[in-house]
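The values are calculated or read from the model by the stated rules, or taken from the named source; none is laboratory data. In this text the structure is predicted, and so the values were computed from the model without any measurement. Because the Cβ atoms are built from the backbone with ideal geometry, glycine has one as well, and the counts that use them run over all protein chains shown. Areas reflect the complete protein model, heavy atoms only, side chains present, ligands, DNA and RNA absent. Shrake-Rupley method; radii C 1.70, N 1.55, O 1.52, S 1.80 Å.
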Amino acid sequence: QVFNFSSGPAMLPVEVLRRAEQELCNWQGSGTSVMEISHRSKEFIQVAEEAEKDFRDLLKVPSNYKVLFCHGGARAQFAAVPLNLLGDNTTADYVDGGYWAASAIKEAKKYCSPNVIDAKTTVDGKRAIVPMSKWQLQDDAAYVHFCPNETIDGIAIEEQPDFGDKVVVADFSSTLLSRPIDINRYGVIYAGAQKNIGPAGLTVVVVRDDLLGKARQELPSILDYQVLSENDSMFNTPPTFAWYLSGLVFKWLKEQGGVAELDKRNQAKADLLYGVIDSSDFYRNDVAIANRSRMNVPFQLADASLDSLFLAESLKAGLHALKGHRVVGGMRASIYNAMPLEGVKALTDFMADFERRHG
Ligand code: PLP
């Protein structure tokens, strides 16, 4: 059996893939594929509405929030957020906690002068994030943007935002649906689908309805939250197959017991993997415990000359895509919702065996 530790596009639940395979050429007995039918047909609209309903149920999305199914990945949102939310404002608070937050800042600089809050710090020599209470937010900033889970750095911000009236925007790309969240604390959350949601090509945006209608004139209509909302995310042809498949993932999540159950499973997987890393001098993770990501676990071998052997042998053992991002180096295991505990056990058994043979 193969376990795929890719950071994204990432592993999908096998039950979802089997169902999609069965339905691929003959969806609901129609003799066609769901990807061949019109997005405006009543059949597809039913798929789309059901997916939205299941998503809302899973995250208890309040009725004053719109859920949008968009194109363009999370990076399109790096531009969509300022252009939708700045209005006449010339600044927004941007918290820099890692690679993706910094990428959002780079894009925002095209549209405003962001107040950049460098939240990167160290605790006992380990990489960490400055607590939210120390973030220097500006009164005239239109919103505050941060990334709760840095996919590349393996850093998470577990604290829940509580900034009064300030509009909070968060890039949830690599952590959405991995645990319950209080949507009411946010003005906008967004996530590229290709980690915990479904196939690449779809981006989910949740936006509080009082934030619609403030878009700048130059904002392309396809990124305008109000236009997308008025058109039920069908202003143009949406990524229908990714939407359908994400809908199957939402149903799977409900069958598993919802995000509260996934929260427990994700904690158990992360505990197992970090436990093995911490109990050995052969492996190390250099993120402070309070900021360790449960979704993306980077780890280094004490002897980096063994990296390529580790990768070759792990691949042979059916453990795929463990190479760390070039910015961090070493290894990275992404253990999103679809990764079963058995996958993490297979990885930790392999790690122990590799250490025995090469330590
Ligand atoms: N934000 C985060 C946290 C990510 O992990 C990624 C991609 O891995 C992105 C943004 C960029 O997403 P996309 O490739 O969908 O634009």
Fully extended contour minus Cα-Cα distance, from E36 to K254, at 0.36 nm per residue: 75.8 nm
Net lengthening on full extension, Q46/T237 (0.36 nm per residue, minus Cα-Cα): 67.2 nm
Region 221-359, relative contact order [Cα under 8 Å, separation at least 6], %: 21
Cα-projected label distance for Y99 with I183, points at 7 Å along beta-carbon direction, nm: 3.0
Burial order of peptide ranges 68-76, 351-359, 148-156 (average beta-carbon count within 10 Å, highest first): 148-156, 68-76, 351-359
Cβ-derived FRET efficiency at R0 45 Å, K53 paired with K316, nearest 0.05: 0.55
Alpha carbon Rg of region 23-92, scaled by the compact-globule rule 2.2 N^0.38 Å: 1.55
Heavy-atom accessible surface of the chain: percent carbon and sulfur, 1.4 Å: 49
Segment D165-D286, length gained on full extension (0.36 nm per residue, minus Cα span): 40.0 nm
Label-to-label distance, nm, for residues given as D124 and H325 (7 Å Cα→Cβ offset): 2.5
Region 169-309 - convex hull of alpha carbons, volume per residue in Å³: 174
Cβ-Cβ FRET estimate between D210 and Q1, R0 fixed at 41 Å, reported to 0.05: 0.25
Sites V14 and S63 - FRET efficiency at Förster radius 35 Å, r taken between beta-carbons, to 0.05: 0.55
Prolate/oblate/rounded label for region 118-189 (Cα gyration tensor, a/c 1.5): oblate
With all protein chains modelled, accessible area of D281 [1.4 Å, Å²]: 150
Average Cα contact separation per residue, the chain, under 8 Å, 6 or more apart, as relative contact order %: 24
Overall dimensions of region 1-146 as given by Cα atoms, namely Rg and Dmax in Å: 20.9, 61
Quotient of C-alpha Rg and 2.2 N^0.38 Å, computed over region 236-316: 1.54
Approximate spin-label separation L24-E230, in nm, with each point projected 7 Å along Cα-to-Cβ: 4.0
DSSP bridge pairs, the chain: antiparallel proportion in percent, nearest 5: 60
Rounded, prolate or oblate (a/c below 1.5 giving rounded, otherwise prolate when a/b exceeds b/c) for the chain by Cα gyration tensor: oblate
Mean projection area, nm², convex hull over Cα of region 117-238: 9.1
Whole-number accessible area per residue in Å² for the chain, which is evaluated in the context of all protein chains at 1.4 Å: 44
